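Comments concern the structure below.
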Amino acid sequence: MFTDFGISEADWNATPQSVKAVIVALQHQARLPEIRFSAYEQKLSALEAKDAEIESLKTDVAALRERLGQNSTNSSRPPSSDPPQTGRPSRREPSGKKGTVNLTSLRDRTD
């Protein structure tokens, strides 16, 4: 430790204890920024990795949403692959003859 400052072992042993304590404290204070910088670099690296993962997941979610929105009208999928009740208009005509009035509904109406 004392050799970092260019102090010989004999001089270090001759140095009063109070001065040694100050030198050791100063040495710790001098190393704190280096330690903090190293910790900040590690945190920054972890955050950058998480940012990259988030961007990758956003891309995956967008692709999945696009696939989820597909049905037989906007893709090459067959109509049988559509989920039930997709809201497609029916091509069938309602049962009964055209132009007739439903008497049951007229009977239930009150004027």
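The values are calculated or read from the model by the stated rules, or taken from the named source; none is laboratory data. What you are looking at is a predicted structure, and each value in this text was computed from that prediction instead of being measured. Here the Cβ is made from the backbone with ideal geometry for all residues, glycine too, and neighbour counts use every protein chain on show.
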Can you find a residue in the range 44-63 that is part of a helix (DSSP H, G or I) and more than 26 Å from the chain's Cα centre (by Cα)?
no
Of the conditions (1) in a helix (DSSP H, G or I); (2) hydroxyl-bearing (Ser, Thr, Tyr); (3) more than 17 Å from the chain's Cα centre (by Cα); (4) surrounded by 10 or more Cβ atoms within 10 Å (Cβ to Cβ), residue 73 fails just one. Which one is it?
(1)
Could you grab the pairs with beta carbons closer than 7 Å, sequence gap of 6+ or different chains, first residue in the range 6-31 and at pLDDT 90 or above, second one part of a loop (DSSP other than H, G, I, E, B)?
none
Kindly indicate whether residue 30 is of a type in the set (Gly, Ala, Ser) and surrounded by 10 or more Cβ atoms within 10 Å (Cβ to Cβ).
yes
